[in-house]
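Colleague: My questions all concern the structure below.
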Amino acid sequence: MKKALTSVLFAICFIFVFAISACGNGSGGETPPPASPPESAGGNGNVLIVYFSWSGSGNTEKMANRIAARTNGTAVKIEAAVPYTGSYNEVAYGRAKEEHDSNARPEVAQSTYDSIDMSKYDTVFVGYPIWWWTTPMIITTFLEYYEWTSDVDIYPFSQSASMDVSQFNTSMEQVRTSANGATVHDGLFARASDTAAIDAYLLTNSLAVRQAHNAGLSV
C-alpha cells in the first residue's frame, strides 16, 4: 500500500514539473518583445525655417512663425550685415533696385550663419517677399553660402502686395539656381493672413504636419 502511494505521488510530481516546463518553453508562454515606441507626431526637430523680412508689416515673418509652429521647426531670420534702413521708397526704389539690377550679393550678417548648423536639417523652408519680380538678392547670398546635396529638401514660401504668380515663379527659378544641388520643391505663395492656404500646403508637404494630422492632433 505504501509503495503504491509513493508511485502515485511520484507520478503527480512528474506531471506538475512537465506542465511548468511546457508553459515556460511553449509559444504561448514566451515573453513578448517590448513594443516599439510610437513615431513622434511632432517631427524629428530637423526642420529649419529661414526667412528675410524687412517691412514693418512683417508678413513674411508671420508666415515663418506659423510654419515653425506647425512643423515644430526652428525659425531663423536672415539679417543683413548692413541693415536695410529708410522708408519703403528709399529701400524698394533705391538699394533693393540697385542690388537687383547689378546682380549683387549683399552680405549676410555672420550672426545669422553662426546660429545655424545646417548639417542638422534635411528640410529647409526659405521665406522672402517679392522684390523686383524675384527674391531679394540677400536670399541668393544666403543660399549660395552652403554646399547643398539632393537629400536636403527646400520649400520656398513668399507673399507680395500684388500676389503676381509670374513673379513668384521667377523667384522659384532664382532659388533653384542659388540652392544648386538641393531638392527644391514647388513653393507656397499666399498672403500671410491666409492661414488655411498655409496649413493646406504644410499638410501636403511637411512630414511633421502629416504625422500630427494622422495622429488626430490639431494642426
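Colleague: Before we move on, is residue 47 in contact with a Ser or Thr (Cβ under 9 Å, 6 or more places away or on another chain), within 30 Å of residue 205 (Cα to Cα) and modelled with pLDDT of 90 or more? Reasoning before the result, please.
Modeller: Working: in contact with a Ser or Thr (Cβ under 9 Å, 6 or more places away or on another chain): yes; within 30 Å of residue 205 (Cα to Cα): yes; modelled with pLDDT of 90 or more: yes.
For residue 47, the condition - in contact with a Ser or Thr (Cβ under 9 Å, 6 or more places away or on another chain), within 30 Å of residue 205 (Cα to Cα) and modelled with pLDDT of 90 or more - is met.
Colleague: Do we find a residue being more than 25 Å from residue 57 (Cβ to Cβ) and either in contact with a His (Cβ under 9 Å, 6 or more places away or on another chain) or of a type outside the set (Asp, Glu) (or both) anywhere in the range 158-177? Steps first, answer last, please.
Modeller: Step one: list which residues in the range 158-177 are more than 25 Å from residue 57 (Cβ to Cβ), which gives 173, 176-177.
Those left that are additionally either in contact with a His (Cβ under 9 Å, 6 or more places away or on another chain) or of a type outside the set (Asp, Glu) (or both): 176-177.
So far as the range 158-177 goes, yes, one or more of its residues are more than 25 Å from residue 57 (Cβ to Cβ) and either in contact with a His (Cβ under 9 Å, 6 or more places away or on another chain) or of a type outside the set (Asp, Glu) (or both).
Let's see how each residue does on (1) exposed (fewer than 14 other Cβ atoms within 10 Å of the Cβ); (2) assigned to a strand (DSSP E or B); (3) at pLDDT below 95:
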position: 112; (1), (2), (3): no, no, no
position: 126; (1), (2), (3): no, yes, no
position: 138; (1), (2), (3): no, no, no
position: 141; (1), (2), (3): no, no, no
position: 147; (1), (2), (3): yes, no, no
position: 156; (1), (2), (3): no, yes, no
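Colleague: Follow-up question, since we're still on this one. Filter the range 138-189 down to residues that are hydrophobic (A, V, I, L, M, F, W, C) and without any contact (Cβ under 8 Å) to a residue 24 or more places away in the chain and give me whichever is nearest to residue 92 (Cα to Cα).
Modeller: Here is the first cut: in the range 138-189, the residues hydrophobic (A, V, I, L, M, F, W, C) are 138-139, 142-143, 148, 152, 154, 157, 161, 163, 165, 168, 172, 175, 179, 182, 184, 188-189.
Subsequent filtering for residues that are without any contact (Cβ under 8 Å) to a residue 24 or more places away in the chain retains 161, 172.
Values: 161: 13, 172: 20 Å.
That would be 161.
Colleague: Could you check how many residues of the range 172-190 are outside any loop (DSSP other than H, G, I, E, B), open to solvent by 30 Å² or more (accessible area, probe 1.4 Å) and of a type outside the set (Phe, Trp, Tyr)?
Modeller: Step one: filter the range 172-190 for residues outside any loop (DSSP other than H, G, I, E, B), giving 172-178, 183-184, 188-189.
Subsequent filtering for residues that are open to solvent by 30 Å² or more (accessible area, probe 1.4 Å) retains 173-174, 176-177, 183, 189.
Now restrict to residues that are of a type outside the set (Phe, Trp, Tyr): 173-174, 176-177, 183.
Here the count works out to 5.
Colleague: Looking at residue 103 and the list (1) open to solvent by 20 Å² or more (accessible area, probe 1.4 Å); (2) over 24 Å from residue 206 (Cα atoms); (3) within 29 Å of the chain's Cα centre (by Cα), which single condition is not satisfied?
Modeller: Unmet for residue 103, out of (1) open to solvent by 20 Å² or more (accessible area, probe 1.4 Å); (2) over 24 Å from residue 206 (Cα atoms); (3) within 29 Å of the chain's Cα centre (by Cα): (3).
Colleague: Would you please name the residue that is least open to solvent (accessible area, probe 1.4 Å), looking only at residues in the range 158-171 that are part of a helix (DSSP H, G or I) and touching a Phe, Trp or Tyr at 6+ places or on another chain (Cβ under 6 Å)? Before you say what the answer is, go through the steps one by one.
Modeller: Going through the range 158-171, the residues part of a helix (DSSP H, G or I) turn out to be 165-171.
Restricting the remaining residues to those that are touching a Phe, Trp or Tyr at 6+ places or on another chain (Cβ under 6 Å) gives 167-168, 170.
On the way: 167: 31, 168: 13, 170: 70 Å².
Filtering the range 158-171 for residues that are part of a helix (DSSP H, G or I) and touching a Phe, Trp or Tyr at 6+ places or on another chain (Cβ under 6 Å), the one least open to solvent (accessible area, probe 1.4 Å) comes out as 168.
Colleague: I've got another one for you. Is at least one residue of the range 63-83 at pLDDT 95 or above and of a type in the set (S, T, N, Q)?
Modeller: Within the range 63-83 (the criterion being at pLDDT 95 or above and of a type in the set (S, T, N, Q)), the answer is yes, since at least one residue qualifies.
The values are calculated or read from the model by the stated rules, or taken from the named source; none is laboratory data. The structure displayed is predicted, hence computed values, not measured ones. Cβ atoms come from the backbone with ideal geometry, glycine included; neighbour counts cover every protein chain shown. Please note that ligands, DNA and RNA were not included when accessible areas were found on the heavy atoms of the full protein model with its side chains. Shrake-Rupley method; radii C 1.70, N 1.55, O 1.52, S 1.80 Å.
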